[in-house]
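Remarks on the structure that follows.
The values are calculated or read from the model by the stated rules, or taken from the named source; none is laboratory data. Treat the numbers as computed from the prediction; the structure is a model and nothing was measured. Quick reminder, even Gly has a Cβ in these numbers, built from the backbone with ideal geometry, and neighbours come from all protein chains shown. In case anyone asks, the SASA skips ligands and DNA or RNA and just uses the protein heavy atoms, side chains included. Shrake-Rupley method; radii C 1.70, N 1.55, O 1.52, S 1.80 Å.
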Amino acid sequence: MTLIPLEEDQETIAGRFRKAHSFAFLNEGDLTVKKNPHKTSKSPEFFEYFKTLNIDRLYIKELGYKTFLKLLALGVEVYLVQEVDRLDDIKSDRLLFLDRDNAKEHCSLGHHKKEAGK
């Protein structure tokens, strides 16, 4: 299942992952939007919740390197959404797959000086 963090209008892709107002869940063409019950939780509590969602792919506008490493350890594929702001405008050719080789360059929110795997 793919998760896309959304702003309060539930159409604009959120700039922050954990602090997003809502999440869009995309599963085999079906889209469901739910409020993020942990937008004010600390990272450990949020990720305990996140693990229960069975997410294997994340589309995000921005991400911190430390958060990328947590997602990588959970087996989540992370894609940066480029050049679009609305959920309906996401196209596969506008996604950038993040991996250990390019994450430091593209993770723009803090912690990007850490080494992968630490």
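Structure data summary
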read-out	value
Gain upon complete extension [residue 28, residue 85; 0.36 nm per residue less C-alpha separation]	18.3 nm
Segment 7-118 shape via C-alpha gyration tensor axes, a/c threshold 1.5	oblate
Candidates 91, 19, 39, ranked by Gaussian network fluctuation over the chain, Cα under 10 Å, top entry	91
Within a Gaussian network of the chain (alpha carbon springs, distance under 10 Å), most fluctuating of 75, 15, 64	75
Accessible area of segment 45-108 belonging to carbon and sulfur atoms, whole % at 1.4 Å probe	41 percent
Neighbourhood net charge (12 Å Cβ-Cβ; Lys/Arg +1, Asp/Glu -1) for residue 13	-4
Furthest towards positive pole of dipole, 81, 27, 102, structure part the chain, Cβ charges	102
Heavy-atom surface of the chain, accessible at 1.4 Å and reported per residue (Å²)	59 Å²
Relative contact order of the chain, defined on C-alpha pairs under 8 angstrom at six or more residues apart (%)	24 percent
